[in-house]
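Have a look at the structure below before the remarks.
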Amino acid sequence: MATAVVLSATFFGTSAQAAAPSLSQAVVSPDTKASLVKRGEYVARLGDCVACHTSPKGAPMAGGLELKTPFGTIYSTNITPDPKTGIGKYSFEQFDRAMRKGVAADGHNLYPAMPYPSYAKMTKDDMQALFAYLNAGVAPVVQPNRASDMKFPFNMRWGLGLWNAVFLDDKPFQPDTKKSAEFNRGAYIAQGLGHCGSCHTPRGMAFQEKTMGHLGGNGDKYLAGFTFDAWHAVNLRSLWTPADIVSLLKTGRSQYGTAAGSMTEVITHSTQHFTDGDLAALAAYLHALPTDDKNRVARKQAPAPVAATDKAMYNSRGGLGYVQFCATCHRRDGRGVGEIFPTLAGNDSVQSKDPTTVIHIALSGWQSAVTQTSPRSFGMPSYATLSDNELSEILTFVRTQWGNRGEPVTPKQIAKVREELKLQQLAGSDTKTPRFAALLKEQNAPQLVQGMRLMTETRQLLPKHVGNDINCSSCHLNGGTVAKGSPFLGVSAFFPAEAPRAGRVINLAERINGCFKRSMNGSPLPLEGVEMKAMVAYMDWMKGEYRPGDKVPGRGVAMIDRSIVPNPENGKKIYSEHCAVCHGANGEGIADANKTPVFPPLWGDRSFNIGAGMARTYTAAGFVKANMVMGHGQKFPLGQGNLSDQEAVDVAEYFSHMPRPDFPEKVKDWPKGGKPKDARY
């Protein structure tokens, strides 16, 4: 039997693309009811209902998500149509009262963590559509609600009635007749269903939003930015260009950076599903709001980010810390890597007056939003193992280079956010990671820094000696400081040493030249030249206290069970799913706009030929297992490792047997025999 519903569709209730038929005082047919439910689903997307009312691994809309506040913990409620534990027995009037006034069906007051002060602006049409969707478009789930755990006196809900009396304005949205329909549509979304002010508007002593819109006495504070729960929600007023705003809301990234924290969930569950018209309207509204942030206008008109000076990058602890721990993904120019890792240059969150967000990300890590246009999530690990001093040095460098206008970050600020986050202790390691910043205290610091740079920028600094797109750091990650990433830890202590390929004892400089010829398809350096001496000095520094015969934790690559039988067909699939985004669909690697290699090729004419054993299946598999795929996990310092042993062997078998440059002198290899079975030559 058809259900009678009163409707009166308005532009402000839904966008033209998502609008349902206007049925003023009509009986709804089954087809129209289905259309109403579909429209309600879109309204739920605008309101981002699923993000708060779904717990991790829980059923959609069944509640149970933990919501921490300064006053205690709240758990979201079951809003499925289950009659016992959900809202199945709610009448529309009861639902409407809960959404506008924060009063549940049984009369108890809801905490304003549920943004009913914003939802109060909804039109009746949207409210009815949402009610229809939650009752007919969501599967009922039996899941009792969990009681909140609020501190006294906030556990006394009667006080919420007083809070509502003082702060709640439950009048529906009123369009500004002096503004365009697009502006008003954007205002309706931002102030109402989008509840943007919940995070981005400053709050008062009673934790109330200081204003619910851009008009009135406090209108200039609407969406002007707010810090809460160790995140700083940025000032959205006059933000970027409308096109950049749309890009962020739809894909999770723009030329100014990427979303982080709870905003990634907003994009994943809500804004990426907005119609193009609604995205454009919301962007137009935010862009039209005036701001007193003078730097924002200057940033829009500023030229491309300027390069960090060598003095700032290579003669400061913060700059060297950045080179070691950040530049692999964010690059030395701070521009990031295409659609993978975000730019730091000109990034609003990075250079915000309040550095809380950038500190939070450095301490706890980051994951990008999952969207239809960017279905793969990328991330960075937690750097909580770095000291407060180290992080303050690195973040100060990031906030003050490439034209960024941020202020220095102090160790005290790092410590404050660290305490707020109460981070779980990550698994420790028996490998102590050497710090580039420590080079500066050595008497031969300039030589050591030059050696480090030659290891990490080999192709750029020694173009006459490198014939392909490989750097030493392509195999010896982060300048040879990464455990199980072919580190230089203790290496120089083991030279001179017998070289099986050469069939004689060689010194460290000769071994380095072997890499230039065999791995980088180039020509050797003069053994007594400045560059070679700098590289040897750097590796001697990396030796630390180790002596010949010592066991060095983290040396070499991870061990892989050689009884695993490789499956190259599965390896091809693994490569396509996990590796191609950085190393190219055809193993060609990726380069920046200046054609400078970013991530190395794995086969083809520009690739390595031997590559520190990477042309051997099980050696390559150990390297992959320990260090790839980048942008996953929480392992220090690059956050890799999410493939199984079998997958690592499969993908290593696939790429290690691809064609790459030959080495003419191979006929002289292994003069004493003993060539390994899986060696390329």
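Worth a mention:
- Backbone N within the range 218-256 under 11 Å of label point (7 Å from ASP176 Cα along the Cβ vector): 219-220
- In order through the range 360-373: 3J(HN,Hα) via Karplus (6.51 cos²θ - 1.76 cosθ + 1.60), integer Hz, x for Gly, Pro: 4, 5, 4, 7, 10, x, 8, 10, 7, 5, 9, 10, 5, 7
- The C-alpha atoms of the chain define a longest principal axis, and helix 181-191 lies at about 80 degrees to it.
- Amide H within-cut-off set for MET150, under 5 Å, with H built and near neighbours excluded: THR73
- Taking a ≥ b ≥ c as the square roots of the eigenvalues of the Cα gyration tensor, the range 433-490 is oblate, since a/c reaches 1.5 or more and a/b is not larger than b/c.
- Chain lengthening between THR373 and ASN507 when straightened (0.36 nm per residue, less Cα-Cα): 43.1 nm
- Legend: calculated FRET efficiency, PHE92 to LEU423, from the Cβ-Cβ distance at R0 = 51 Å, rounded to 0.05, equals 0.70.
- Taken about its Cα centre, the range 212-345 carries a charge dipole of roughly 500 debye when the Cβ of each Lys and Arg holds +1 and the Cβ of each Asp and Glu holds -1.
- Highest average first, the peptides 360-369, 64-73 ordered by how many other beta carbon atoms sit within 10 Å of their residues are 360-369, 64-73.
- Cross-linked pairs LYS121/LYS221; LYS33/LYS89; LYS68/LYS416; LYS124/LYS221; LYS89/LYS121; LYS422/LYS625: Cα-Cα separations exceed 21 Å for LYS124/LYS221; LYS89/LYS121; LYS422/LYS625.
- For the range 202-215, 3J(HN,Hα) computed residue by residue from phi via the Karplus equation (6.51, -1.76, 1.60; θ = phi - 60°) reads x, 10, x, 4, 8, 6, 8, 4, 5, 7, 9, x, 7, 9 Hz, glycine and proline entered as x.
- Positive-end residue of THR433, SER492, ASN145, charge dipole of the chain with Cβ unit charges: SER492
- Inter-label distance for LYS464 and LYS38, nm, one decimal - labels placed 7 Å from Cα along Cα-to-Cβ: 7.0
- Rounded FRET efficiency, nearest 0.05, which uses the C-beta distance separating ALA51 from LYS84 and R0 of 22 Å: 0.35
- Over the range 73-184, the Kirkwood radius and the radius of gyration, each from Cα atoms, give a ratio Rg/Rh of 1.02.
- Maximal additional length on extending the ASP605-ARG405 stretch stands at 67.7 nm, based on 0.36 nm per residue less the C-alpha distance.
- Relative packing of 337-346, 321-330, 509-518, which averages over residues the other C-beta atoms within 10 Å, highest first: 321-330, 337-346, 509-518
- Above 27 Å, the calculated P(r) of the range 139-286 contains 32 percent of its Cα-Cα pairs.
- Mean projected area in nm² (Cα convex hull; one quarter of hull surface) for the chain: 33.9
- Helix 411-421 and the long axis of the chain differ in direction by around 60°, with both axes built from C-alpha atoms.
- When the charge dipole of the chain is built from unit charges on Cβ atoms (+1 for Lys and Arg, -1 for Asp and Glu) and taken about the Cα centre, the candidate among SER118, PRO355, VAL536 whose Cα reaches farthest toward its positive end is VAL536.
- With R₀ fixed at 56 Å, the C-beta to C-beta distance from ASP292 to LYS672 puts the FRET efficiency at about 0.15.
- Using only side-chain charges placed at the Cβ, +1 for Lys and Arg and -1 for Asp and Glu, the dipole size of the range 107-241 relative to its Cα centre rounds to 140 debye.
- Here the simple spin-label model places points 7 Å from the Cα toward Cβ, and for ASP106 and LYS416 these points are separated by 4.1 nm.
- Phi angles across the range 41-51 convert, under the Karplus curve 6.51 cos²θ - 1.76 cosθ + 1.60 with θ = phi - 60°, into 3J(HN,Hα) values of 4, 5, 4, 5, 5, 4, x, 6, 4, 5, 4 Hz, Gly and Pro given as x.
- Under 5 Å between amide hydrogens, built in the peptide plane, is the criterion, and for ILE590 it picks out VAL598, PHE599 among residues at least 5 positions away or on other chains.
- Acute angle (nearest 10 degrees) that the helix 508-518 long axis makes with the longest principal axis of the chain, alpha-carbon atoms: 70
- Ordering SER576, VAL246, PRO661 by Cα displacement along the dipole of the chain toward the positive end leaves PRO661 in first place; charges were set at the Cβ atoms of Lys, Arg (+1) and Asp, Glu (-1).
- Full extension of the chain between ALA593 and ALA165 yields a length gain of 148.3 nm, computed as 0.36 nm times the residue separation minus the alpha carbon distance.
- Shape call, the range 127-194: gyration tensor on alpha carbons, a/c limit 1.5: oblate
- For the range 460-617, the Rg and Dmax computed from alpha carbons only, in angstrom: 16.7, 47
- The chain - charge dipole about Cα centre, Lys and Arg +1 at Cβ, Asp and Glu -1, debye rounded to 20: 940
- Peptides 541-549, 460-468 ranked from most to least packed give 460-468, 541-549, packing being the mean of other C-beta atoms within 10 angstrom over each peptide's residues.
- For the range 227-357: rounded, prolate or oblate by the Cα gyration tensor [a/c cutoff 1.5]: prolate
- Note on LYS311 and PHE71: their simple-model spin labels are 5.3 nm apart, each label 7 Å out from Cα toward Cβ.
Just so you know, all these numbers are worked out from the coordinates, no wet-lab data involved. As the structure is a computational prediction, the values presented were derived from the model and not from experiment. Every residue, glycine among them, receives a Cβ derived from its backbone with ideal geometry; neighbour counts consider all protein chains shown.
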